[in-house]
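> Have a look at this one.
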Amino acid sequence: MNQAAEKLTSTSSSPSSTGTVRLKVEDGGLRSRRVAVQRRRDWNERAVRSLNLAVAAIGLVLTAPLQLVIAILVKMSSPGPVFYTQDRVGIDRRRGEPTPEQLSRRIQDHGGRLFRIYKFRTMRPAAPTANQVWAAENDPRITKIGGILRKYRLDELPQLWNVLKGDMNIVGPRPEQPEIFKNLRDQVDAYPRRQRVLPGITGLAQVSHHYDRSVDDVRTKVRYDLEYIHRRSLVEDLRIMARTLPVMVGKKGSL
């Protein structure tokens with residue numbers, strides 16, 4: 001056997017050399033791709049959050065006179081506070097099933113971080129022990145001015161503060177009350193997956209479907225929410241924001 005043949009045989013029959021080098025190259029390429037994907041996701045998250053913060057800040061300035069008028073009308077129309085606050089289930093930053101250590105730090109697993117949401121009051125004050133329920137069509141608890149605010153979704157304007165505080169975004173799945181969330185988590189498949197992103201004042205489900213009146217409505221909205229999370233981006237948020245104004249003016253999806 002000549003020297004060239006011996007060299008070729010030695011190289012091709014040495015798995016410890018060629019195999020290891022090839023594996024390192026492949027692993028290195030895979031790691032590079034993963035890093036690139038993660039960087040794009042991080043950039044997208046920052047861009048989406050920055051957009052929502054900017055819109056919330058501008059929205060608060062532009063709607064300040066309107067919110068002052070609404071506050072006066074709410075106060076004059078019925079006894080009770082101007083603003084309504086309520087616990088809602090926010091983002092769940094955990095990934096996968098919660099560990100025993102995480103569960104041990106919680107008296108109850110709400111499915112996400114609880115926060116206080118702000119709204120203009122549209123109903124007569126309820127008893128402190130009243131159960132958490134959805135509003136119904138022609139709900140007798142809704143005040144006259146409250147009915148107008150709900151039709152045009154103006155009662156949601158104070159949630160711009162929630163956006164600035166970091167509890168919410170302008171666009172995202174609507175946050176639910178803890179007790180209702182607990183029930184829906186057991187009845188609707190994939191419902192907790194909505195909590196992977198910050199909840200929103202508006203969202204794809206809100207501009208595509210009416211207020212929740214049944215569990216079937218919730219199932220429909222969950223499909224919209226998961227679709228939004230899958231394709232979430234700066235452009236998608238701008239598109240949903242643009243679709244929200246006609247929904248408000250046209251009173252679509254309101255009680």
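The values are calculated or read from the model by the stated rules, or taken from the named source; none is laboratory data. Please read all numbers here as calculations on a predicted model, not as lab measurements. For neighbour counting, all protein chains shown are included, and Cβ atoms are generated from backbone atoms with ideal geometry for every residue, glycine included. Heavy atoms of the whole protein, side chains included, go into the accessibility calculation; ligands, DNA and RNA do not. Shrake-Rupley method; radii C 1.70, N 1.55, O 1.52, S 1.80 Å.
> Does G111 satisfy the criteria of being within 27 Å of the chain's Cα centre (by Cα), open to solvent by less than 100 Å² (accessible area, probe 1.4 Å), on the phi > 0 side of the Ramachandran plot and modelled with pLDDT of 65 or more? Explain how you work it out, then say what you get.
Working: within 27 Å of the chain's Cα centre (by Cα): yes; open to solvent by less than 100 Å² (accessible area, probe 1.4 Å): yes; on the phi > 0 side of the Ramachandran plot: yes; modelled with pLDDT of 65 or more: yes.
Taking the combined requirement at face value, the residue satisfies it.
> Residue check: is E179 among the acidic types (D, E) and at pLDDT 90 or above? Walk me through it before giving the result.
Working: among the acidic types (D, E): yes; at pLDDT 90 or above: yes.
The answer is yes for E179.
> Of all residues in the range 194-204 being aliphatic (A, V, I, L, M) and in contact with a Gly (Cβ under 9 Å, 6 or more places away or on another chain), which is surrounded by the fewest Cβ atoms within 10 Å (Cβ to Cβ)?
From the range 194-204, those aliphatic (A, V, I, L, M) are 197-198, 201, 204; that's our starting set.
Cutting the leftovers down to in contact with a Gly (Cβ under 9 Å, 6 or more places away or on another chain) gives us 197-198, 201.
Numbers: V197: 20, L198: 23, I201: 27.
Checking each candidate, the answer is V197.
> Kindly indicate whether D186 is part of a helix (DSSP H, G or I), in contact with a Gly (Cβ under 9 Å, 6 or more places away or on another chain) and of a type outside the set (S, T, N, Q). It would help to see each step written out before you state the result.
Numbers: part of a helix (DSSP H, G or I): yes; in contact with a Gly (Cβ under 9 Å, 6 or more places away or on another chain): no; of a type outside the set (S, T, N, Q): yes.
When the stated conditions are applied, D186 does not pass them.
> Moving to a separate point now. Hey, P173 hits all of (1) part of a helix (DSSP H, G or I); (2) closer than 23 Å to S50 by Cα; (3) open to solvent by less than 10 Å² (accessible area, probe 1.4 Å) but one; which does it fall short on?
(1)
> Looking only at the range 146-165, which residues are open to solvent by 10 Å² or more (accessible area, probe 1.4 Å) and touching a strand residue (DSSP E or B) at 6+ places or on another chain (Cβ under 9 Å)?
Result: R150, R153, L154, E156, L157, L160, W161, K165.
> Taking R219 as the residue in question, decide whether it is open to solvent by 40 Å² or more (accessible area, probe 1.4 Å) and assigned to a helix (DSSP H, G or I). Before the answer, list the steps.
Working: open to solvent by 40 Å² or more (accessible area, probe 1.4 Å): yes; assigned to a helix (DSSP H, G or I): yes.
So R219 passes the test.
> Within the range 200-248, work out how many residues are under 17 Å from R150 (Cβ atoms), of a type in the set (V, I, T), out of contact with any Lys or Arg (no Cβ under 7 Å at 6 or more places or on another chain) and without any contact (Cβ under 8 Å) to a residue 60 or more places away in the chain.
3
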